[in-house]
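K.L.:
Next up is a structure, given as structure tokens.
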Amino acid sequence: MVLTPIVEFDSIGLRYGTGAEVLRDLDFRLSKGGFYFLTGPSGAGKTSLLKLLYLAQRPTRGRISLFGEELTDAARDALPRFRRRIGVVFQDFRLIRHLSAFDNVALPLRIGGASEESVEGPVREMLAWVGLADRASARPPTLSGGEQQRVAIARAVINRPELLVADEPTGNVDADMARRLLHLFTALNRLGTTVVVATHDVGLISATPGAQMIRLENGAMLDPTGSLKNPPQPRSEG
Amino acid sequence: MFDWFFASPSERRLLGSRPLQGPTPWVIAIMTFSIMIVAAAGLALADTASRVAAGAETRYSAQIPDGERGLPATLQAIRSAPGVTNAEAVPEAEMRQTLERWLGPVGASADLPVPALVIFDVRPGADLAAIERRVGATAPGARLIAHRDALGPLLRSLTALQWVAAALVLLLGGASAAAVVLAARGALDTHRFTIEVMHGIGATDHQVTHLFQRKIAIDALIGSVLGGVAAAVVLATLAAGASFAGEFMGGATLGTTDLVVLALIPLALTALATWVARAAVLATLRTAV
């Protein structure tokens, strides 16, 4: 069996404007179907790294491949079809305030061209799963922080993304909801979704056996064993 | 081709604003009204100029220096000339009345010699030299004056005014386009967050553009219809000879083609606004990641 990398970073550097580099010499590969925690102190560059992963930012140097395709110099028009394969949970939720919870969750399906009839069922199901079935028509300003977080997570996973990127997804939910969200992430992971979660929550990390750690400090990656640069090949079966 | 215009309810909710919000429809209404009034004035001037030119093209005056004495013979000579369709002498009283307007009482004085004047029309292609010879034979020293030469300065002024009207229409159209660009940029700023979220989820520039294009097209359509109806009411009132119109519209009319051109202005402005909005939104979106 050959391990397929879903994300490949080669000598990636990122700077905003003329400032110093916030990410330096990132060399790593994320395996398809892997579960990764991204950790590091505040200001280490975690959010910048996630922005590169969900194609909200282009690196200032180096090369990025996603889903086996080189995207460093990809045309702007080529990016949407890759973004549709990525689910993102933003730290600040990024819900559209004038849309209902239902419409926010349905947005990725509608952008992907799904018909209204095919949207209704999955969205209701997803809202029920995150415990917001009775809040479908509520708008984000009327929801609590935890409820907004759950809507944001429902929106990120409604499309069954191949790559799920989450920035502090349990920051605003109670312990019970954090467990349920982690259960959702691991369930998606078992179905083949590669999950990358940036978090300070040690409990979340320890509750996920088999997950791999990516640690950033001062914009550089700590990879003492080299397992992120050259992931170990699993044994072939049979 | 126009599928972008028909959005689903969920697409309509994305921008979260109703038509007629913001200044765009009203700016377009004012521009449409102004363009239609200026265009109508230009078309009416063109009609007037064309009728004056057509009337003057075949009309001539014979000026007879020795006044009433040589008039009957000259009038007879002109009437019997080949190609002349109509000839009338201008009564001396009428000429003196005209002179009096310019010169005062002295214009009516018998001491002021007044030449006799015959106005005649000819068929196209008539031999004017032959007519001139006949007139010369009966009234030596008489001269023919082509009305088109006398009216040349007036016709040139009318033509210049038509160009001014056309330039104003273009300027107002340009100003409308600029207003739409500003409105589109304003709408993009207002909805920047929504656009970022949509892009992040995988929306294409065309999907985002369609939302704004549709919104501005509807605003422009409503505005241009409002402005067009207002202009039509004003033009109809003027055409009906309202007292305040005075002599402004006297003699000037608008033909069927002119009315069709005027009716197309709101649609053309809507199309222009839609196209400009699309180009402005796409250009702005392309500056993002």
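K.L.:
For residues that are within 18 Å of the chain's Cα centre (by Cα) and outside any loop (DSSP other than H, G, I, E, B), scanning just the stretch A:61-78, find the one that is surrounded by the most Cβ atoms within 10 Å (Cβ to Cβ). Before the answer, list the steps.
P.N.:
Filtering the stretch A:61-78 for residues within 18 Å of the chain's Cα centre (by Cα) gives A:64-68, A:71.
Now drop any that are not outside any loop (DSSP other than H, G, I, E, B), which leaves A:64-66.
On the way: A:I64: 21, A:S65: 16, A:L66: 25.
Residue satisfying both the conditions and the ranking: A:L66.
K.L.:
May I ask you to say which residue of A:R160, A:R139 is without any contact (Cβ under 8 Å) to a residue 60 or more places away in the chain, away from every other protein chain (no Cβ under 13 Å), among the basic types (K, R) and in contact with a Leu (Cβ under 9 Å, 6 or more places away or on another chain)?
P.N.:
Of A:R160, A:R139, the one residue that is without any contact (Cβ under 8 Å) to a residue 60 or more places away in the chain, away from every other protein chain (no Cβ under 13 Å), among the basic types (K, R) and in contact with a Leu (Cβ under 9 Å, 6 or more places away or on another chain) is A:R160.
K.L.:
Also: Whether any residue in the stretch B:95-106 is assigned to a strand (DSSP E or B) and either among the polar types (S, T, N, Q) or in contact with a Leu (Cβ under 6 Å, 6 or more places away or on another chain) (or both) is what I want to check. Please lay out each step first, then the result.
P.N.:
The initial filter retains those residues of the stretch B:95-106 that are assigned to a strand (DSSP E or B), namely none.
The answer is no; no qualifying residue exists.
K.L.:
Let me ask you something else. Go through the stretch A:128-148 and count every residue that is of a type in the set (A, V, I, L, M) and closer than 10 Å to A:F102 by Cα.
P.N.:
At the first step, the residues of the stretch A:128-148 found to be of a type in the set (A, V, I, L, M) are A:128, A:130, A:132-133, A:136, A:138, A:143.
When the remaining residues are screened for being closer than 10 Å to A:F102 by Cα, the result is A:132-133, A:136, A:138.
The number of residues fulfilling the criteria is 4.
K.L.:
Take the conditions more than 12 Å from chain B (Cβ to nearest Cβ) and acidic (D, E) and apply them to A:D134. Does it pass?
P.N.:
Values: more than 12 Å from chain B (Cβ to nearest Cβ): yes; acidic (D, E): yes.
When the stated conditions are applied, A:D134 passes them.
K.L.:
I'd like to check something: does the stretch A:196-207 contain any residue that is surrounded by 15 or more Cβ atoms within 10 Å (Cβ to Cβ), outside any strand (DSSP E or B) and within 13 Å of the chain's Cα centre (by Cα)?
P.N.:
Yes, the stretch A:196-207 contains at least one residue that is surrounded by 15 or more Cβ atoms within 10 Å (Cβ to Cβ), outside any strand (DSSP E or B) and within 13 Å of the chain's Cα centre (by Cα).
K.L.:
Let me ask something else about it. Can you tell me which of (1) outside any strand (DSSP E or B); (2) more than 14 Å from chain B (Cβ to nearest Cβ); (3) surrounded by fewer than 18 Cβ atoms within 10 Å (Cβ to Cβ) is the one A:D27 doesn't meet?
P.N.:
Exception for A:D27: condition (1).
K.L.:
Do you know which of the residues in the stretch A:34-55 that are within 14 Å of chain B (Cβ to nearest Cβ) and in a helix (DSSP H, G or I) is nearest to A:H200 (Cα to Cα)? Before you say what the answer is, go through the steps one by one.
P.N.:
Initial filter on the stretch A:34-55 (within 14 Å of chain B (Cβ to nearest Cβ)): A:47-48, A:50-55.
Add one more test, that the residue is in a helix (DSSP H, G or I), and what stays is A:47-48, A:50-53.
Working: A:T47: 13, A:S48: 16, A:L50: 15, A:K51: 18, A:L52: 20, A:L53: 19 Å.
Residue satisfying both the conditions and the ranking: A:T47.
K.L.:
Check A:A78, A:A106, A:A133 and return the single one that is closer than 23 Å to B:R286 by Cβ, out of contact with any Phe, Trp or Tyr (no Cβ under 9 Å at 6 or more places or on another chain) and among the small types (G, A, S).
P.N.:
Details: A:A106 fails: closer than 23 Å to B:R286 by Cβ; A:A133 fails: closer than 23 Å to B:R286 by Cβ.
Result of the check over A:A78, A:A106, A:A133: A:A78.
K.L.:
Determine, yes or no, whether B:L221 is free of Cβ contacts under 8 Å to residues at least 40 places away in the same chain, away from chain A (no Cβ under 14 Å), crowded, with 18+ Cβ neighbours inside 10 Å and part of a helix (DSSP H, G or I). Spell out the reasoning first.
P.N.:
Working: free of Cβ contacts under 8 Å to residues at least 40 places away in the same chain: no; away from chain A (no Cβ under 14 Å): yes; crowded, with 18+ Cβ neighbours inside 10 Å: yes; part of a helix (DSSP H, G or I): yes.
Criteria not met by B:L221.
K.L.:
Please give the number of the condition B:R185 fails out of (1) in contact with a Gly (Cβ under 8 Å, 6 or more places away or on another chain); (2) surrounded by fewer than 19 Cβ atoms within 10 Å (Cβ to Cβ).
P.N.:
Every condition holds for B:R185 apart from (1).
K.L.:
Residues that are surrounded by 19 or more Cβ atoms within 10 Å (Cβ to Cβ) and charged (D, E, K, R): does the stretch A:114-122 have at least one?
P.N.:
Filtering the stretch A:114-122 for residues surrounded by 19 or more Cβ atoms within 10 Å (Cβ to Cβ) gives A:119.
Then keep just the ones that are charged (D, E, K, R); that gives none.
Within the stretch A:114-122 (the criterion being surrounded by 19 or more Cβ atoms within 10 Å (Cβ to Cβ) and charged (D, E, K, R)), the answer is no, since none of the residues qualifies.
K.L.:
Right, here's the next one. In contact with a Leu (Cβ under 6 Å, 6 or more places away or on another chain), of a type in the set (A, V, I, L, M, F, W, C), within 12 Å of another protein chain (Cβ to nearest Cβ) and not in a helix (DSSP H, G or I): which single residue out of A:V165, A:V119 fits that description? Walk me through how you get there before you give the answer.
P.N.:
Values: A:V119 fails: not in a helix (DSSP H, G or I).
Exactly one residue qualifies, and that residue is A:V165.
K.L.:
Does the stretch B:59-73 contain at least one residue that is without any contact (Cβ under 8 Å) to a residue 24 or more places away in the chain, basic (K, R) and surrounded by 13 or more Cβ atoms within 10 Å (Cβ to Cβ)?
P.N.:
No, every residue in the stretch B:59-73 fails to be without any contact (Cβ under 8 Å) to a residue 24 or more places away in the chain, basic (K, R) and surrounded by 13 or more Cβ atoms within 10 Å (Cβ to Cβ).
K.L.:
Looking at (1) over 30 Å from A:S137 (Cβ atoms); (2) in a strand (DSSP E or B); (3) not hydroxyl-bearing (S, T, Y), find the lone condition where A:G17 falls short.
P.N.:
All conditions pass for A:G17, except number (2).
K.L.:
Any chance you could count how many residues in the stretch B:99-128 are closer than 25 Å to B:A87 by Cα and of a type in the set (F, W, Y)?
P.N.:
So the count comes out to 1.
K.L.:
Quick check, is A:L127 buried (at least 21 other Cβ atoms within 10 Å of the Cβ), at pLDDT 90 or above and in a loop (DSSP other than H, G, I, E, B)? Full working, then the answer.
P.N.:
Numbers: buried (at least 21 other Cβ atoms within 10 Å of the Cβ): yes; at pLDDT 90 or above: yes; in a loop (DSSP other than H, G, I, E, B): no.
Judged against the criteria, A:L127 is not a match.
K.L.:
Hey, among B:A89, B:A108, which residue is of a type outside the set (K, R), surrounded by fewer than 17 Cβ atoms within 10 Å (Cβ to Cβ) and without any contact (Cβ under 8 Å) to a residue 40 or more places away in the chain? Spell out how you get there, then give the answer.
P.N.:
Values: B:A89 fails: surrounded by fewer than 17 Cβ atoms within 10 Å (Cβ to Cβ).
Of the residues listed, the single one that is of a type outside the set (K, R), surrounded by fewer than 17 Cβ atoms within 10 Å (Cβ to Cβ) and without any contact (Cβ under 8 Å) to a residue 40 or more places away in the chain is B:A108.
Residues are listed down the side, and each one gets a yes or a no for (1) under 34 Å from the mean Cα position of the chain (by Cα); (2) among the polar types (S, T, N, Q); (3) buried (at least 19 other Cβ atoms within 10 Å of the Cβ); (4) at pLDDT below 90:
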site: B:T190; (1), (2), (3), (4): no, yes, no, yes
site: B:K215; (1), (2), (3), (4): yes, no, yes, yes
site: B:A245; (1), (2), (3), (4): yes, no, no, yes
site: B:L264; (1), (2), (3), (4): yes, no, no, no
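K.L.:
Same structure again: Just one of the numbered conditions (1) within 14 Å of chain A (Cβ to nearest Cβ); (2) at pLDDT 90 or above is not true of B:A232; which one?
P.N.:
Every listed condition holds for B:A232 apart from (1).
K.L.:
Surrounded by fewer than 20 Cβ atoms within 10 Å (Cβ to Cβ), within 14 Å of another protein chain (Cβ to nearest Cβ) and either in contact (Cβ under 8 Å) with a residue 60 or more places away in the chain or not in a helix (DSSP H, G or I) (or both): which single residue out of A:R58, A:R81 fits that description?
P.N.:
Numbers: A:R81 fails: either in contact (Cβ under 8 Å) with a residue 60 or more places away in the chain or not in a helix (DSSP H, G or I) (or both).
Answer to the selection: A:R58.
K.L.:
Given the conditions (1) at the interface with chain B (Cβ under 8 Å from one of its Cβ atoms); (2) surrounded by 18 or more Cβ atoms within 10 Å (Cβ to Cβ); (3) touching a residue at least 40 places away in the same chain (Cβ under 8 Å), and given that A:H98 satisfies all but one, which numbered condition is not satisfied?
P.N.:
Among (1) at the interface with chain B (Cβ under 8 Å from one of its Cβ atoms); (2) surrounded by 18 or more Cβ atoms within 10 Å (Cβ to Cβ); (3) touching a residue at least 40 places away in the same chain (Cβ under 8 Å), the lone unmet condition for A:H98 is (2).
K.L.:
Out of the residues in the stretch A:101-116 meeting the condition of being facing chain B (nearest Cβ under 7 Å) and without any contact (Cβ under 8 Å) to a residue 12 or more places away in the chain, tell me which one is farthest from A:L143 (Cα to Cα).
P.N.:
Residue satisfying both the conditions and the ranking: A:E116.
The values are calculated or read from the model by the stated rules, or taken from the named source; none is laboratory data. Here the structure is a predicted model, which means the values were calculated and not measured. Glycine also receives a Cβ, built like all others from the backbone with ideal geometry; neighbour counts cover every protein chain displayed.
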